[in-house]
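Notes follow the structure.
The values are calculated or read from the model by the stated rules, or taken from the named source; none is laboratory data. Since we're looking at a predicted model, the values are computed, not measured. With ideal geometry, Cβ positions are generated from the backbone for all residues, glycine too; neighbour counts draw on all protein chains shown. We work out accessible area using only protein heavy atoms, side chains counted, and drop any ligands, DNA or RNA first. Shrake-Rupley method; radii C 1.70, N 1.55, O 1.52, S 1.80 Å.
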Amino acid sequence: SQGVLHISRQSVQFSRSSDIWVDVAAFHQLARIGSDTEARIESLEEAVGLYRGDLLDGFSIPDSAPFEEWALLQRERLQRLLIEALERLSAWYVGQGRFEQAVAHAWRQVELDPWREAAQRQLMLALACSGRRGAALNQYEACRRLLVRELGVEPAPETARLFEQIRGG
């Protein structure tokens, strides 16, 4: 029987020939890019359901800068994949008229990266489409305040245009 781990002086890794299920590997497989179909959307939903926090959150190896750098890069990469999946899901659900699901995925994007205006716009649009125009307008104001306070910039023209469209009904 093949072992579960391959261990050397430089690394520890799961054996590809073992039958161990690894959530990160499953997430990568489910979140891979493909055309948006019902089956693809189901895979993306499953992928975002697997993501429950940062990779190896709270785990570190003292005095191991290479490990810490690797872990940081992997966390950022996985979070980027998650945000891309959430963006695609939210856009799909808006297109399908399933606005509550669109709102949920857009909210999660904003929670992960509040400075990402594309996520803010998706949330504003999903809220407005779901009949919550006031919440969409409030979200713009929250976004604007955050950008001004933290980055010293006003929202992008695209975000401001969406705000005006929502405000105009």
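Details
- Heavy-atom accessible surface of the chain: percent carbon and sulfur, 1.4 Å: 52 percent
- Dipole-positive endmost among Gly58, Leu82, Trp92 within segment 31-98 (Cβ charges, Cα centre): Trp92
- Additional length obtainable on full extension of the chain from Gln10 to Asp113, 0.36 nm per residue less Cα span: 33.7 nm
- Backbone geometry of segment 46-62 corresponds, through the Karplus equation with coefficients 6.51, -1.76 and 1.60 at θ = phi - 60°, to 3J(HN,Hα) couplings of 5, 4, 5, x, 6, 7, 10, x, 5, 4, 6, 4, x, 9, 8, 10, x Hz, x marking Gly and Pro.
- Dipole magnitude for the chain: computed about the Cα centre from +1 point charges on Lys and Arg Cβ and -1 point charges on Asp and Glu Cβ, it is near 400 debye.
- Rounded to the nearest Hz, the phi-derived 3J(HN,Hα) couplings of segment 153-162 under the Karplus curve 6.51 cos²θ - 1.76 cosθ + 1.60 (θ = phi - 60°) are 10, 8, x, 4, x, 4, 5, 5, 5, 4, where x marks glycine and proline.
- Selection from Leu151, Ala128, Ser15, by position along the positive dipole direction of the chain (Cβ): Ala128
- Solvent-accessible area per residue for the chain (1.4 angstrom probe, square angstrom): 63 Å²
- Shape box of the chain [Cα atoms, principal axes, largest first, Å]: 66, 40, 21
- Peptides 44-57, 156-169 ranked from most to least packed by the mean count of surrounding Cβ atoms within 10 Å: 44-57, 156-169.
- Distance histogram for segment 70-112 (every C-alpha pair counted, 5 angstrom bins, percent rounded to whole numbers): 5, 27, 25, 18, 12, 7, 5, 2, 0
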